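Laboratory data are not the source of any read-out in this text; all were calculated from the coordinates shown. Bear in mind that the values here come from a model prediction, so they are computed numbers and not experimental data. Here Cβ is always computed from backbone atoms with ideal geometry, including for glycine, and neighbour counts include all displayed protein chains.
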Amino acid sequence: MPLPGPKNLITDVAGLMVGQATDETARTGVTVLVCGDGWPAGVDVRGGGPGVRESETLAAENLVGRAHALVLSGGSVFGLAAADGVACALAARGIGLRLKADSLAIPIVPAAVLHDLGNGGDKNWGLSPPYRELGIRALEAASASCMLGSHGAGRGAVAGRLKGGIGSASLDLGAGLIVGALVAVNSVGSAFMPDGQTLWAWAFELDQEFGGATPPRAGVDLAEPFPDESRLAELGRLQAGSNTTLGVVACSADLSTAECKRVAMMAHDGIARAIRPAHTPFDGDTLFALASGAVTLDARVRAAGVARIGAAAADCVSRAIGRAVHLARGG
């Protein structure tokens with residue numbers, strides 16, 4: 001049975017780093033994943049109200065299909081400025097595409113944002129939202145470790161009516177093949193069953209990573225998948241783009257851009273298993289996929305290898321969601 005990697009974080013995929021920065025006054029933040037020289041990447045959007053940047057750059061039919069960093073941010077549309085800061089800071093380091101040998105480096109920095117503008121923080125920033133600076137700070141803080149819970153892009157997140165946050169998990173599939181996920185959970189759906197205690201993702205837990213989750217003690221009422229609709233409406237969350245689960249899945253295999261897209265598509269199953277309902281008109285659910293290329297898949301069964309990675313990525317997403325909400329509520 002596959003077990004978590006040594007850190008049980010997405011950074012168990014060697015070469016990948018995560019940095020986070022938080023603005024406590026505004027109750028918001030940014031999470032940056034850095035992959036240096038540019039890794040093959042794909043993206044899949046399943047929510048009805050996404051906020052994204054450079055998603056088409058990762059389309060398999062287009063020219064580049066690689067990313068030097070990925071940005072997850074709070075702040076709705078204002079949060080997209082975080083990727084501007086990251087792109088400028090990477091260019092200053094000489095990281096990015098070069099059209100000529102002596103030209104300015106052009107980093108590819110796709111991004112996705114979640115809506116945390118109604119969480120009570122001070123958003124009176126006028127013409128100077130904090131996100132560009134937060135992006136630069138998050139990049140500077142990038143390392144192989146990662147704080148989980150109410151940090152970075154998950155600082156002001158809400159999952160259903162409870163606190164959301166940042167979560168991560170990994171799986172070691174053997175022979176050097178590592179799969180990991182990092183998520184920012186800000187969903188309109190709940191990560192908990194109607195009892196408010198049992199995680200929908202309880203069955204996927206490994207090594208008590210969300211507190212030793214147990215099965216529900218009583219039968220689960222599945223008749224109403226969208227509870228507390230009036231309360232969510234009062235909170236202004238039943239509007240397109242006002243909620244989102246964002247994430248990145250990564251692996252150490254030599255995937256192409258098209259194969260990364262397939263893995264991102266499969267990984268969305270992990271959201272649907274851990275949050276109910278998922279992929280609603282009100283969410284902006286978006287998952288990116290990255291591949292380091294360190295492990296060469298067997299050409300004879302390559303498609304099966306991609307499927308195995310996608311299945312593991314979905315499980316990592318479910319576990320990352322469980323860790324995010326468990327740690328955000330003080331577990």
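Taking the Cα centre of the stretch 10-328 as origin, sum charge times position over the Cβ atoms of Lys and Arg (+1) and Asp and Glu (-1), and report the length of that vector in debye to the nearest 20.
Here the size comes out at about 240 debye.
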**Q.** Too-long pairs where the Cα-Cα distance tops 31 Å, listed order kept, from Lys100/Lys123; Lys100/Lys261; Lys7/Lys163; Lys123/Lys163
**A.** Lys100/Lys123
Q: Looking at the stretch 10-328, send over the antiparallel percent of its DSSP beta bridges, to the nearest 5.
A: 80 percent
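Where a ≥ b ≥ c are the square roots of the eigenvalues of the C-alpha gyration tensor, would you call the stretch 1-110 rounded, which needs a/c under 1.5, or, failing that, prolate if a/b is larger than b/c, or oblate?
Rounded, because the longest to shortest axis ratio a/c is under 1.5.
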Q: Taking only Cα atoms and a 10 Å spring cutoff, compute GNM fluctuations for the chain and point out the largest among Ser318, Ser103, Ser190.
A: Ser103
(Q) Can you classify the stretch 73-154 as rounded, prolate or oblate using the Cα gyration tensor, where a ≥ b ≥ c are the square roots of its eigenvalues, rounded means a/c under 1.5, and otherwise it's prolate if a/b beats b/c and oblate if not? (A) prolate
Q. So for the chain, taking the charge dipole from beta-carbon charges (+1 Lys/Arg, -1 Asp/Glu), which of Cys251, Ala314, Ala264 sits furthest toward the positive end?
A. Cys251
**Q.** Average Cα contact separation per residue, the stretch 1-66, under 8 Å, 6 or more apart, as relative contact order %
**A.** 21 percent
Q: Averaging sequence separations of C-alpha pairs under 8 Å and six or more residues apart, then dividing by the length of the chain, give the relative contact order as a whole percent.
A: 26 percent
Q: Put one equal scatterer on each alpha carbon of the stretch 10-328, apply the Debye formula with no solvent term, and list log10 I(q)/I(0) at q = 0.08, 0.14, 0.15 1/Å to two decimals.
A: -0.32, -0.99, -1.13
Q | Calculated [θ] (222 nm, deg cm²/dmol) that DSSP helices of n ≥ 4 give over the chain, each run adding -39,500 (n - 2.57) | A | -7000 deg cm²/dmol
Q) With point charges of +1 on the Cβ of Lys and Arg and -1 on the Cβ of Asp and Glu, referenced to the Cα centre of the chain, which listed residue (Ser103, Ile166, Gly5) lies farthest in the positive direction of the dipole? A) Ser103
